[in-house]
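Contents: one structure, followed by commentary.
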Amino acid sequence: MIKGNRIAITGVGETPFLRKGEEGVMKMMTRASLAAIADAGLTPKEIDGYISNKYAGHGSDEVAFAIGAGEKRFCATTDSVGGTATSGQALQLAQMAIEAGLARHVLVPYAIQSTKPGGVYGFHAREPQKAGIEMPVGFFGQPTYFATMANRYAHEYGMTEEEQASIPMTYRAWAVLTPSAQKRDPMDLETYRQSPMISTPLRAADCCLTTDGGGAYVVSAIEEARDMPHPVVSVQGLGLGFNNWPQGVLFTQTPCTYDFPGEVSAKLAYAMAGCDPKDLNLAQIYDGFTISALVQTEMLGLCERGEGPRFYAAGHGRPGGRMPINTSGGHMSGGYVPGMNLLIEAVRQLRGKEGDRQVPNARLCAVAGLGGNNHSTTILARS
Amino acid sequence: MGIPIYPPKIEDPLFQGYYDGLEAGELRITADAETGEWIWYPPEVIPGKPDAVLEWRKVSQEGTAYTFTTVIRSLLPGDHKAEVPFTVVLFEPDDAPGVRVPGLLVDADDVEPRCGMRLRFQPVQAGDHKIAGFASLD
């Protein structure tokens, strides 16, 4: 079993998050990588390990070439999706490489071009079951899948429109304080209701943004991190949860369609970190949709199961609340570079220099990553 | 309410029996031919039994809605603006617990969809093919 406080995130960087950008994935990954390496006080020649993401479409050879790297000693590719890959599994692989002595400084780059033809729904259309059975009845696309989860959740636990709206309103309140966020205009219930309905009960405001952008981070051994430019932000806990339902049947045939493997990942992460949810100062939660963010908030133990709507409506996740959540606006208001911008924000909050949106005395932050049939919980600490 | 028009890939033999059933006015799903266990959607390999064979079996035409959504903006590839809104339900046949078949809620103009609503299978013509449809019994 891997142990906490052995690795640190020593550098973070990103590109601007744009509704429609001019650059492709490779160029955005390169820019974000160079920014992260510089933030770590390193040169590209000092990067000797790489964790690629199979959905980025570019391997470590291309990235190493693009950043002008030195000798590569380790590379691996995440085999999970979304936030699980970028904010969970990539760290697990990096820790294994560093602790085995295979690499000193591991780069984790990712970028997404949501506006590329085929968009973010293209991989669903390639699933035979979806193309064969679901698409002909119009059941297609993440907002539609997650809308059915929201209706089922509301059936089982209750959720008013006001409670649902309080989730994107919470994240928007943080985005207002975040200069790099894509959506910074304030959102109240009235403006929420003006957002176009996509698939009941989900409005556009209940969905993550369309973003062209990239992010990257550098992972180093904890001993190395102590001599690097920033306060040490270490990985204290890390848990991955998986179920064996393939993506093609995931949204219809699982016994409970919104029962992501988040309780498993959270339990593992808290055990590794030796802490409880009450010890956290803040959290970053993968907010592809209001319903998925809501359920993960419960799975992380930030509130009781079924009480997420009341938790958000009471303002607990907002600036000044007892458990600040998605403090740069998350994926719904900050930008959608799956999992990556949430992890970067966690690191920055723990460094403690985020101005108006800085959470006071931030020492411990959970980052939840969702990938459909997989989930990660990462607990970062300022050492 | 509209009807989504998106041709199924019935050339895929995995789904031929499903569409044959719709044409015949029956809801058919797949089961392990040896044990009768429902295996749905039809996978390329029955879990743990690569030599096992799937067969199509008729299921109850009545059941309940596990969940639903009314699609206002269709995300299907292409232009489908004229086909919305429509309501999709996940139908659980009475005699196949745990199995869910996605389909269109038909005759839905005055129906308030809800989880647990009682439904009856009623296939719908969608362009030049039939799709699964379900009418409210409530």
Calculated from DSSP helices alone, with each H run of at least 4 adding -39500 (n - 2.57) and the total divided by the residues of the protein assembly as shown, [θ]222 nm to the nearest 500 comes to -7500 deg cm²/dmol
Expected unfolding gain across B:E62-B:D95 under the 0.36 nm per residue rule, minus the alpha-carbon gap, is 11.0 nm
If R0 = 22 Å, then A:K72 and A:T43, at their Cβ-Cβ distance, give a FRET efficiency to the nearest 0.05 of 0.90
What the Cα atoms of the range A:140-237 span along the principal axes, largest first and in whole Å, is 52, 30, 25
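Which of the three applies to the range A:276-383, rounded, prolate or oblate, going by the alpha-carbon gyration tensor with a ≥ b ≥ c and a/c under 1.5 meaning rounded?
On the way: a/c = 1.42, a/b = 1.20, b/c = 1.18.
Rounded.
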On the formula 1/(1 + (r/R0)^6), with r taken between the Cβ atoms of B:D32 and B:D107 and R0 of 30 Å, the FRET efficiency rounded to 0.05 is 0.30
Toy charge model, Lys and Arg Cβ at +1, Asp and Glu Cβ at -1: the protein assembly as shown dipole around Cα centroid in debye, rounded to 20, equals 1720
Between the modelled labels at A:R226 and A:D356 (7 Å from Cα along Cα→Cβ) the distance in nm is 3.9
Checking rank on A:134-141, B:46-53, B:14-21, with mean other Cβ inside 10 Å and highest first, the result is A:134-141, B:14-21, B:46-53
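Charges only on Cβ, +1 for Lys and Arg, -1 for Asp and Glu: so what's the dipole of the range A:123-216 about the Cα centre, in debye to the nearest 20? Before the final figure, lay out each step's value.
Numbers: 8 positive and 11 negative charges, 55 e Å.
Here the range A:123-216 has a charge dipole of around 260 debye.
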Net charge (Lys, Arg +1; Asp, Glu -1) of residues whose beta-carbon lies under 15 Å from that of B:A33, B:A33 excluded, is -1
Unit-weight point scatterers at every alpha-carbon of the range B:4-79, Debye formula, q = 0.13, 0.17 1/Å: log10 I(q)/I(0) is -0.54, -0.85
Scaled by the rule-of-thumb 2.2 N^0.38 Å, the alpha carbon Rg for the range A:1-147 gives a ratio of 1.19
Inter-chain shielding metric for A:140-146, i.e. average beta-carbon neighbours from other chains within 10 angstrom, reads 5
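Report the relative contact order of chain A, percent, no decimals, based on alpha-carbon pairs under 8 angstrom and at least 6 residues apart. Don't jump to the answer; show the numbers that get you there.
On the way: 910 pairs, mean separation 101.1, N = 383.
It rounds to 26 percent for chain A.
Kirkwood hydrodynamic radius, computed over distinct alpha-carbon pairs, for the range A:218-315: how many Å, to one decimal? Write down the numbers at each step before the final one.
Working: mean 1/r = 0.0641 Å⁻¹.
By the Kirkwood definition, the hydrodynamic radius is 15.6 Å.
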Given unit charges at Cβ for Lys, Arg (+) and Asp, Glu (-), the dipole magnitude of the range A:160-271 about its Cα centre in debye, nearest 20, is 100
Amide H proximity to A:Y50 below 5 Å, modelled H, separation 5+ or other chain, gives A:F74, A:C75, A:A76, A:L107
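If you average the sequence gap of Cα pairs under 8 Å that are 6 or more apart and divide by the length of the range A:1-104, what percent do you get for the contact order?
Values: 123 pairs, mean separation 27.4, N = 104.
Over the range A:1-104, the number comes to 26 percent.
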The alpha-carbon pair-distance distribution computed for the range A:81-205, with 10 angstrom bins and whole-percent values, is 10, 25, 32, 23, 9, 1
Going residue by residue through the range A:354-362, the Karplus relation 6.51 cos²θ - 1.76 cosθ + 1.60 with θ = phi - 60° gives ³J(HN,Hα) values, rounded to whole Hz and with x marking Gly or Pro, of 9, x, 4, 9, 5, 7, x, 6, 5
Residues whose built amide H sits under 5 Å from the amide H of A:I198, excluding neighbours closer than 5 in sequence, are A:R203, A:A204
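Assuming a viscosity of 1.002 mPa s and a temperature of 20 °C, what translational diffusion coefficient in µm² per second does Stokes-Einstein assign to chain A, Rh being the Kirkwood radius over Cα pairs?
Numbers: Rh = 20.4 Å.
Translational D for this selection: 105 µm²/s.
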Full extension between A:R193 and A:D279 adds, at 0.36 nm per residue less the Cα distance, a length in nm of 27.4 nm
Least to most buried among A:C275, A:C208, by other C-beta atoms within 10 Å and fewest first, runs A:C275, A:C208
Amide H proximity to B:F134 below 5 Å, modelled H, separation 5+ or other chain, gives B:L104, B:L105, B:V106, B:Q122
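Using a Förster radius of 25 Å, what is the FRET efficiency between B:A24 and B:D51 based on their Cβ-Cβ separation? Nearest 0.05, please. Mind dumping the intermediate values first?
Numbers: r = 29 Å, r/R0 = 1.16.
The value I calculate is 0.30.
Hull surface divided by four, with the convex hull built on the Cα atoms of chain B: how many nm²? All intermediate terms of the calculation are to be shown ahead of the outcome.
On the way: hull surface 34.7 nm².
Value for chain B: 8.7 nm².
Quick one: net charge of A:A69's neighbours, Cβ under 14 Å, K/R +1, D/E -1?
Within the 14 Å Cβ shell, the charges total -1.
Under the 0.36 nm per residue contour assumption, what length would be gained going from the current alpha-carbon distance of A:K267 and A:K116 to full extension?
50.6 nm
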Under Stokes-Einstein, the range A:98-168 at 20 °C and 1.002 mPa s, with its Kirkwood radius over C-alpha pairs, diffuses with a coefficient in µm²/s of 133
Note, the range A:220-231: 3J(HN,Hα) by Karplus (6.51, -1.76, 1.60, θ = phi - 60°), whole Hz, Gly/Pro = x, goes 9, 5, 4, 5, 5, 4, 5, 9, 9, x, 9, x
Taking a label point 7 Å from the Cα of A:K3 along Cα-to-Cβ, the residues of the range A:210-244 whose backbone nitrogen sits under 19 Å from it are A:220-226, A:233-239
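A short reminder: the numbers here are calculations on the coordinates, not readings from a lab. Just so it is clear, the model here is predicted, and its values are computed rather than measured. Cβ sites come from the backbone with ideal geometry, for glycine too, and all protein chains shown count toward neighbours.
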